[in-house]
1. Does residue 507 satisfy the criteria of being among the hydrophobic types (A, V, I, L, M, F, W, C), more than 30 Å from residue 424 (Cα to Cα) and either under 32 Å from the mean Cα position of the chain (by Cα) or assigned by TED's automatic domain parsing to the domain that holds residue 252 (or both)?
2. Quick test for you: out of 540, 464, pick the one residue that is part of a helix (DSSP H, G or I) and touching a Pro at 6+ places or on another chain (Cβ under 9 Å).
3. Just to be sure, is residue 271 within 15 Å of residue 487 (Cα to Cα), out of contact with any Ser or Thr (no Cβ under 8 Å at 6 or more places or on another chain) and among the basic types (Lys, Arg)?
4. Would you mind finding the one in 88, 96 that is more than 23 Å from residue 140 (Cβ to Cβ) and of a type outside the set (S, T, N, Q)?
5. Does segment 413-427 hold any residues that are touching a helix residue (DSSP H, G or I) at 6+ places or on another chain (Cβ under 7 Å) and outside any loop (DSSP other than H, G, I, E, B), and which are they?
6. With 502, 518, 556, 535 as the choices, which residue is in a loop (DSSP other than H, G, I, E, B), among the aromatic types (Phe, Trp, Tyr) and either in contact (Cβ under 8 Å) with a residue 40 or more places away in the chain or surrounded by 21 or more Cβ atoms within 10 Å (Cβ to Cβ) (or both)?
7. In the list 201, 130, 159, which residue meets the criterion of being in contact (Cβ under 8 Å) with a residue 60 or more places away in the chain and assigned by TED's automatic domain parsing to the domain that holds residue 534?
Amino acid sequence: MRTHYCGELNRQQVDQQVSVCGWVNRRRDHGGVIFVDLRDKKGLLQVVFDPDDVAMFAQAETLRNEYVIQVEGRLRVRPEGTHNPEMATGEVELLAHKLDILNASETPPFQLDEEDVHDDNRLRYRYIDLRKPEMQYRMQLRARVTHFLRSWLESNEFLDIETPMLTRATPEGARDYLVPSRTHPGAFFALPQSPQLFKQLLMMSGMDRYYQIVRCFRDEDLRADRQPEFTQLDIETSFMDEAAIMGMMEAMMRALFAEVMSVDVEDPFPRMSWAEAMERYGSDKPDLRIELELQTISDVLEDVEFKVFSGPACDPEGRVAALRVPGGNDLTRKEIDEYTAFVGHYGARGLAYIKCNDVSRGREGLQSPILKFLPDDAITAILERSGAETGDLIFFGADKANVVNESLGALRIKIGHDRGLVEAGWRFLWVVDFPMFERDDRESRWNALHHPFTAPATDNPDELEADPGKTMSRAYDMVLNGTELGGGSVRIHKMDMQQRVFTLLGICEQEADEKFGFLLNALKYGCPPHGGIAFGLDRLVMLMAGATSIRDVMAFPKTQTASCLLTQAPAAVSERQLRDLSIRLRKPQAEG
């Protein structure tokens, strides 16, 4: 039906007879001549309908936005002075000889160039939203990324192997989506939160190198970078340690950005321990484009009378930290109050500050409600430790270390964006040396910081059990511009170590056998050392596309209530379907 795409035409095809198809992006009637901007996946082309062809002109007068048409005609150079530099095809236009209206369109619920369309409308009419040039670009970018990743991995001898969608429920940190079994009444499959156990079994099967671009499912509260179903690039290797795995994944990312984004990223990626990341940035996924850093000042405030500071400073689990804002002296009281409310969402009970009007004058050159509570030596130490200069502002966090880290870490990012302190470019980072466990004091138990199959840094189970709180894991996260792209680890490949980790996590032998018996059995039959990583493909494409939500790089995403406005899912099913599945819905009891 067509000889060319609209966006491909240029001076090289002038005077050729061409046929194009697409959607009417805009129709304009200028003094008896009708102009149509015709749109397809490659871009826009101006089509001209001359009134000399009465029948065709009458057809053209009926055209409206989003009509689907086919046009044949002769390509010509636009008249002098009418070139449009905003269009790739802005030097040429198609003089129509034949018009075929393939399908009319009702007035769409929103125009493609309309700004501030409500997200509900975008999702309800997703097939229209996807016609937007930016959405077309994002879907094309996603396809290019997945194509490249597949090609790169296969050229490095990775096998694309599918794992089951219907499996059994295993504890992986979120609620499972359950699927009732018709053939086993009362029993349920679970949709996989990840293929973690299956990819380990593939290593035990001698597959050596595995990958899969796979859908994963988690029934959890949603936000901008979460969806109930999402896509992972899942990778596992045998006989490679963490350094080799990380080196290979770096090479893949460098090649991807060079090919798809025409960008050379740093080589090698910097590495930072988890402890250093938390100390300097309050986050295990720091955005290195923002140079602001947290400075611990607990040691200089232990003996001050100001209990807001001295209390956390003396608490082994507490922290007092300072965040210098360069040039922040111009912040108004209203802006400071807004930042105080912001950190409150992260558990902070306040946000103390000092304005540095003139640091050369010491206390006299500072402005803050807390100065009267601080001795001169503490003030001097704070200024030195934070590196504050005249015109700066210092914010303080004082609480349990996790509260200070979360609140000041988030404030650091917000201030960086608010004040234009985010450098351009791509800043990759490996975060390593994670703790093996984190303590849940409410339930007096240990939890795995990554997952229970992550190998500890020690090969001695007795050493692990002697001091689990100080044991490091062989885990690693890849971070890009403050977003965790992927997390991985070397896995436990010996039966005694896996059993010991289960015991520390409070998983008894019976529960371990019930939930992971197939994995434990496989460990008995010659399991190779292995490790891997899983990348969030949606997050990766979101960053590369410059989008702010993974929903904008997914064709048919869900809302924040995990519903699909397009298909109206989830939806009720018939009584017959429920009976087939041996499910009986409980009827509400009558009042009284």
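The values are calculated or read from the model by the stated rules, or taken from the named source; none is laboratory data. Quick caveat, the model's predicted, so the values are computed rather than measured. Neighbour counts run over all protein chains shown; Cβ positions are idealised from the backbone, glycine included.
1. yes
2. Details: 540 fails: touching a Pro at 6+ places or on another chain (Cβ under 9 Å).
On inspection, the qualifying residue turns out to be 464.
3. For residue 271, the condition - within 15 Å of residue 487 (Cα to Cα), out of contact with any Ser or Thr (no Cβ under 8 Å at 6 or more places or on another chain) and among the basic types (Lys, Arg) - is met.
4. 96
5. 414, 422
6. Details: 502 fails: in a loop (DSSP other than H, G, I, E, B); 518 fails: in a loop (DSSP other than H, G, I, E, B); 535 fails: in a loop (DSSP other than H, G, I, E, B).
Going through 502, 518, 556, 535 in turn, the sole match is 556.
7. 201
Let's see how each residue does on (1) on the phi > 0 side of the Ramachandran plot; (2) charged (D, E, K, R); (3) surrounded by fewer than 19 Cβ atoms within 10 Å (Cβ to Cβ):
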position	(1), (2), (3)
295	no, no, yes
323	no, no, no
327	yes, no, yes
333	no, yes, yes
342	no, no, yes
386	no, no, no
390	no, no, yes
393	no, no, no
